[in-house]
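Encoded as structure tokens, the structure appears first; notes follow it.
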Amino acid sequence: SKFGWSDFQTALWLLRRDPHRGRGAACFWFYLAAGLWRVTVAAFLLTVLSTTFFGAWHWAAFAAGSQPPTADPGTAAFWAGGLIFSLPVLAILGCHELGHYLVCRYYDVDATLPWFLPAPLPLTGTLGAFIRLREPIPHARALFDIAVAGPLAGFVVAVPLLVAGIAGSRVVPLPADG
């Protein structure tokens with residue numbers, strides 16, 4: 001028997017009335033059945049694309065030094081330069097949100113996996129990421145731990161990336177006409 005729309009509606013109805021909803025494998029299977037994973041993956045891939053594209057323009061400007069950047073988006077070097085920006089940004093964002101998510105799981109608070117938001121903004125190419133809490137946080141200790149876990153996880157990833165970025169940087173003199 002094939003899983004149909006009426007089965008999905010029944011599953012959602014039961015899920016809304018279940019006081020232990022979102023726990024364990026049941027939430028994961030409802031998520032897959034609803035097809036929401038496609039939207040999550042599509043948003044993530046669009047965010048990778050947008051951050052890589054705008055990161056490539058930053059890389060082209062850096063590579064050109066004080067000259068106006070001339071970059072061809074049709075080349076592999078253009079996109080590889082964009083990944084130098086995109087991968088660290090997404091690693092920091094992803095670890096930040098996963099920090100919140102994992103502590104939510106620890107305190108048995110129902111939350112979604114991270115959602116990444118692509119944006120056509122030249123500065124970063126993303127509006128960030130978020131998780132959605134589907135139920136109230138049970139007590140103040142859980143609230144504090146969930147809140148602080150994201151910045152700490154992002155910081156743990158950001159510091160080594162900062163060190164690597166500074167080590168790989170070069171000093172460029174300012175133009176004299178400037």
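The values are calculated or read from the model by the stated rules, or taken from the named source; none is laboratory data. Quantities reported herein were computed from a predicted structural model and do not represent experimental measurements. Because the Cβ atoms are built from the backbone with ideal geometry, glycine has one as well, and the counts that use them run over all protein chains shown. Heavy atoms of the whole protein, side chains included, go into the accessibility calculation; ligands, DNA and RNA do not. Shrake-Rupley method; radii C 1.70, N 1.55, O 1.52, S 1.80 Å.
A few comments on the model shown:
- Among the residues of this structure, residue 162 counts as one that is at negative phi, without any contact (Cβ under 8 Å) to a residue 60 or more places away in the chain, out of contact with any helix residue (DSSP H, G or I) (no Cβ under 8 Å at 6 or more places or on another chain) and in a helix (DSSP H, G or I).
- Tabulated pairs, region 73-84, first modelled with pLDDT of 90 or more, second crowded, with 16+ Cβ neighbours inside 10 Å, C-beta under 7 angstrom, 6+ apart or interchain: 83/52
- Test result for residue 51, modelled with pLDDT of 80 or more and closer than 30 Å to residue 146 by Cα: yes
- The single condition among (1) open to solvent by 30 Å² or more (accessible area, probe 1.4 Å); (2) touching a helix residue (DSSP H, G or I) at 6+ places or on another chain (Cβ under 9 Å); (3) in a helix (DSSP H, G or I) that residue 149 does not satisfy is (1).
- Candidates 77, 142, 71, filtered to the one that is open to solvent by less than 50 Å² (accessible area, probe 1.4 Å), more than 20 Å from the chain's Cα centre (by Cα) and within 30 Å of residue 173 (Cα to Cα): 71
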